[in-house]
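Taking it in order: structure first as structure tokens, then the write-up.
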Amino acid sequence: MNSSRSFSRWSVIALGVSTLIAVDAFAQIDEIVVTARKRDEGLQQVPVTVTALSDEEIERRGIDGLEDLSTAVVGLFIDDQAAGQSGLISLRGVGSSALNQTLDQAVSINVDGMAVSNGNVLRVGQYDLEQVEVLKGPQALFFGKNSPGGIISLKTKQPTDEFFVQGRGGYEFNAKEKFGEIIVSGPLSDSFGYRGVFFITDQEGPFENVATGDDNAEASRELFGRLTLQFDPSEAFNANLKVSYSDVDSDATVAAQRINCDVTTGGPGSLEEPLDDCEPNETFVSGPPVASSFEGIDPSFRDGEFFWEQSTFLSTLGLDFNPIEKLNITSITGYYQTDQEYFQEFVRTAGPHIPANSVTASNQPSYRSVSQEIRFATGFDGPLNFVGGVYFEDNFAVDRPCPVFFGTFICSGYNVNGVAYSTFGQLIADVSDTVEIAGGLRYTKEKKEVDAFAFGPVVGPIPFTPDERTFDNVSPEFTITWRPTSDLTLYGAYKEGFKSGSFNTATGGSGDQNFDQELAEGGEIGLKSTWFDRTVRANATVYRYNYSGLQVSSFDPTINAISTSNAGAARVQGIELETLWTPPQVEGLTFNAALNYNRARYTDFRQAPCYLGQTPATGCVGGNFQDLTGEQIVQAPDWTANFGVSLDRSMPNTDLRFRVSTDAAYSSEYFTQLSAGPPNLWEDGYFMVNAGGALYDDTNGWELAVIGRNLNNEIFPTVSNNSTLGTEITSATNRPRAIILQLTVRPTDMFSN
């Protein structure tokens, strides 16, 4: 080969590559500051697997509820109305059932510094967000009580330095939903600021009830408000008070529908329903109740019509002190309360419901928690720094299920009171200019007590043995981090996690009356990098965690009861890849993609409940148990992925800008309930596409946007249960296709010009 010709060819290739990666200033990826270790650190420098979404990214994706995060964060599964109770959150397949009202979440929520282990807090944490951080794997040190599955940390927006007002309104065509929002923010003085948010929505419903002919079923209404007050008198002290309230009123909890109609026919009470197509889609079957036949059975049934209501209140007070240079002391005081009332059906049939032919139930669950955390952190210039603190929480949960089971009325009330104390500390040592070693632990002691009372048909106390349980745990964490350059971080971490046990609080509960703690241990290796003058971000994490006593819940349709127990052991391992690219040749163009292979399996679970209709030939031993060792954990698909592209740029010779984007999310097959078996496996998985566009003028303060969610109308089951009779499966589903027209105006921008 001619050497000069070869040199010329490689010169052309090199010139092409250099042209490709040539960058302009506007093309660089903005650094996101996260607080995954309770200090401000760059997303690419912190040795934690975390996905962070800024307010701009939340706006671009049209995320107006945290359930939408499932399409933006691989491995995350959220259903904020699962079973109409406490919500369902799982991360990498680790989560807690929504069936047990008094069960703590394995993936807890942190709102403005307050840790909450009840899923209903999603309602007050999803509006006017500044940033979302999803921390994956056990988080033992920094977020209140331990969270063995991970943390969703929500940071809401702060008051602005100048007067700001924004109004937003819109309409969603499928559910015929109308919504409006107003934000007012600004200073009252040099040291005092405020921010107020008010949101209201009303929808006729996105589903069709084929039994009644209602093509807009599941109507709902919601009010939300938040007030933020910030006092910042000096560099040494500031205070921040946030008060949020949400009120939701719905015709029913969720459009549960059959996804498998392998029914047992011919027997008493057979549930074969010819109107139902038995597919997860926009239609479901639900006959109306004969209200007069339910009214008067129990006050919680009200007038006998189905309903669901929920109110949620959250308040946080944050205080920051800097008594001396390089020392910060933070106090977070939190109060959280949620109350629900609902009356719903659990057997979907077309005929009118009366007590003798249906399974219906009311409930009045509530949850309250008060917490206090004090922590301090040093920021010395030397090689050693320390973070530590103490945490206290008092919580009280009420579960009051009142089902009518084919004419039999059963009603009871359960009160669970919990008190938790913990202390934590972490020492960070910079052993060289590029190497950091950090080690710490959290000690937790938690006590829970239960009392219960039956209201009918048997009246009197329900004994629990024991009725009091105490849990102690030490969870260490060790991390070593190497940062050879400002654009490269390599780290390895060993972590342990813990979640206390509790009590089975459900009418007719079977098996043990309590369940034990859940423990996690394992580690991960992570790589974070930016390339080509910070126009490309590429991150990877390899992880493996072993869980003992994984808390799992199931519904036993033979006795109409919910029970939580401990799986013997489980393992969650996999690899996660994430990339972001801003090509410098095109202004405002961004590509993002993420992929997660997650193998989550029970490694020892020989006492799992059988699914209804399971026989010894298909693995049901003694009519009660099946061996799920080696089977996939609930809501734990092996593969999840997302991909997106967006373009945001100015229009020539005008103040106008435009934004267009599209995102796609994929999940492979997964189990929708604990009683694993062929009827309970959603074999197709799903592939869902979102897209949107906007025309806006920052100078004059307005934006007109069209937002499309689930444009291919992919409807899939989220959490399911066997029906009370027959082997059919009923499930809650995601929301059908949504097309939103939205107008935003900022009069302050208009007037300033």
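The values are calculated or read from the model by the stated rules, or taken from the named source; none is laboratory data. Quick caveat, the model's predicted, so the values are computed rather than measured. Note that we place each Cβ from the backbone using ideal geometry, even for glycine, and neighbour counts take in every protein chain shown.
Among the candidates 484, 461, the residue that is in contact with a Phe, Trp or Tyr (Cβ under 7 Å, 6 or more places away or on another chain) and over 27 Å from residue 95 (Cβ atoms) is uniquely 461.
For the stretch 153-183, give me each residue that is surrounded by fewer than 20 Cβ atoms within 10 Å (Cβ to Cβ), closer than 17 Å to residue 702 by Cβ and either free of Cβ contacts under 8 Å to residues at least 40 places away in the same chain or charged (D, E, K, R) (or both). Once the filter is applied, which keeps residues that are surrounded by fewer than 20 Cβ atoms within 10 Å (Cβ to Cβ), closer than 17 Å to residue 702 by Cβ and either free of Cβ contacts under 8 Å to residues at least 40 places away in the same chain or charged (D, E, K, R) (or both), the stretch 153-183 yields 168, 180, 182. For residue 119, the criteria (1) buried (at least 24 other Cβ atoms within 10 Å of the Cβ); (2) in contact (Cβ under 8 Å) with a residue 60 or more places away in the chain hold in every case but one, which is (2).
Out of the residues in the stretch 617-652 that are part of a strand (DSSP E or B), among the β-branched types (Val, Ile, Thr) and modelled with pLDDT of 90 or more, state the one that is nearest to the chain's Cα centre (by Cα).
Narrowing the stretch 617-652 to residues part of a strand (DSSP E or B): 621, 625-626, 632, 634, 639-650.
In the following step, the residues that additionally are among the β-branched types (Val, Ile, Thr) were identified as 621, 634, 640, 645.
Now drop any that are not modelled with pLDDT of 90 or more, which leaves 640, 645.
Details: 640: 16, 645: 24 Å.
Step by step, filter the stretch 617-652, then rank; the result is 640.
Restricted to the stretch 81-97, and to residues there that are closer than 27 Å to residue 543 by Cα and part of a loop (DSSP other than H, G, I, E, B), the residue that is modelled with the highest pLDDT is 92.
Please list, ordered by first then second residue, the pairs with beta carbon atoms under 6 Å, 6 or more apart or interchain, first in the stretch 521-544 and closer than 18 Å to residue 32 by Cα, second part of a loop (DSSP other than H, G, I, E, B) and not polar (S, T, N, Q). Sorted first by the residue in the stretch 521-544, then by its partner, the pairs are 530/487; 533/23; 534/29; 535/23; 535/584; 537/29. Taken over the stretch 432-459, the criterion of being of a type in the set (S, T, N, Q) and either farther than 24 Å from residue 477 by Cα or part of a strand (DSSP E or B) (or both) is satisfied by 444 alone.
Scanning the stretch 443-470 for residues that are under 25 Å from residue 497 (Cα atoms) and crowded, with 18+ Cβ neighbours inside 10 Å returns 444, 446, 448, 450, 469. For the stretch 187-214, name all the residues that are over 24 Å from residue 168 (Cα atoms), assigned to a strand (DSSP E or B) and in contact with a Ser or Thr (Cβ under 6 Å, 6 or more places away or on another chain). Scanning the stretch 187-214 gives 208, 209.
Suppose we keep only residues that are assigned to a loop (DSSP other than H, G, I, E, B) and in contact with a strand residue (DSSP E or B) (Cβ under 6 Å, 6 or more places away or on another chain) within the stretch 653-668. Which one would you say is surrounded by the most Cβ atoms within 10 Å (Cβ to Cβ)? Working first, answer last.
Going through the stretch 653-668, the residues assigned to a loop (DSSP other than H, G, I, E, B) turn out to be 653-656, 668.
From the residues that got through so far, the ones that are in contact with a strand residue (DSSP E or B) (Cβ under 6 Å, 6 or more places away or on another chain) too are 655-656, 668.
Details: 655: 12, 656: 14, 668: 16.
Applying the filter and picking the extreme gives 668.
Where residues in the stretch 27-42 are among the aliphatic types (A, V, I, L, M) and surrounded by fewer than 20 Cβ atoms within 10 Å (Cβ to Cβ), which of them is nearest to residue 536 (Cα to Cα)?
29
In the set 311, 292, only one residue is surrounded by fewer than 20 Cβ atoms within 10 Å (Cβ to Cβ), under 30 Å from residue 114 (Cβ atoms) and of a type in the set (Ser, Thr, Tyr); that residue is 311. When 22, 106 are screened for being of a type outside the set (Asp, Glu), in contact with a Ser or Thr (Cβ under 6 Å, 6 or more places away or on another chain) and modelled with pLDDT under 90, only 106 passes. Filtered by the rule that a residue be over 23 Å from the mean Cα position of the chain (by Cα) and surrounded by 19 or more Cβ atoms within 10 Å (Cβ to Cβ), the stretch 677-689 gives 677, 679.
Considering only residues of the stretch 341-355 that are surrounded by fewer than 23 Cβ atoms within 10 Å (Cβ to Cβ) and in a strand (DSSP E or B), which is modelled with the lowest pLDDT? Checking each candidate, the answer is 345.
There is no residue in the stretch 596-618 that is within 23 Å of residue 738 (Cα to Cα), of a type in the set (Asp, Glu) and in contact (Cβ under 8 Å) with a residue 12 or more places away in the chain.
Residue count for the stretch 443-464 satisfying the condition of being at pLDDT 95 or above and over 22 Å from residue 368 (Cβ atoms): 1.
Scanning the stretch 690-723 for residues that are in a loop (DSSP other than H, G, I, E, B) and buried (at least 17 other Cβ atoms within 10 Å of the Cβ) yields 701, 710, 714, 715, 716, 723.
Taking the stretch 203-220 as the range and being surrounded by fewer than 16 Cβ atoms within 10 Å (Cβ to Cβ) and touching a residue at least 12 places away in the same chain (Cβ under 8 Å) as the test, only 212 passes.
Scanning for something closer than 15 Å to residue 731 by Cβ and at pLDDT 80 or above, does the stretch 287-308 turn up at least one residue? Within the stretch 287-308, not a single residue is closer than 15 Å to residue 731 by Cβ and at pLDDT 80 or above. Taking first residues from the stretch 705-716 that are free of Cβ contacts under 8 Å to residues at least 24 places away in the same chain and partners that are part of a loop (DSSP other than H, G, I, E, B) and crowded, with 16+ Cβ neighbours inside 10 Å, no Cβ contact under 6 Å between residues at least 6 apart in sequence or on separate chains turns up. The number of residues in the stretch 515-540 being within 25 Å of residue 572 (Cβ to Cβ) and either modelled with pLDDT under 95 or of a type in the set (A, V, I, L, M) (or both) comes to 10.
Of all residues in the stretch 376-404 being charged (D, E, K, R) and modelled with pLDDT of 95 or more, which is surrounded by the most Cβ atoms within 10 Å (Cβ to Cβ)?
Going residue by residue through the stretch 376-404, those that are charged (D, E, K, R) are 381, 393-394, 399-400.
Okay, now just the ones that are also modelled with pLDDT of 95 or more, so 393-394.
Working: 393: 23, 394: 13.
Here the residue is 393.
Six or more apart or on different chains, Cβ atoms under 8 Å: show the pairs whose first residue is in the stretch 292-315 and part of a helix (DSSP H, G or I) and whose second is of a type in the set (Ser, Thr, Tyr). From residues that are part of a helix (DSSP H, G or I), the pairs are 294/360; 300/362; 301/362. Within the stretch 325-339, not a single residue is modelled with pLDDT of 90 or more, closer than 25 Å to residue 257 by Cα, surrounded by fewer than 19 Cβ atoms within 10 Å (Cβ to Cβ) and within 24 Å of the chain's Cα centre (by Cα). Quick one: which strands (runs of 3 or more DSSP E) sit completely within the stretch 357-414 and have at least 1 residues that are at negative phi and touching a Pro at 6+ places or on another chain (Cβ under 9 Å)? Where strands (runs of 3 or more DSSP E) fall fully within the stretch 357-414 and carry at least 1 residues being at negative phi and touching a Pro at 6+ places or on another chain (Cβ under 9 Å), they are 359-363, 384-399, 402-405.
For the stretch 221-256, filtering for residues that are buried (at least 20 other Cβ atoms within 10 Å of the Cβ), at pLDDT 85 or above and among the hydroxyl-bearing types (Ser, Thr, Tyr) leaves 4.
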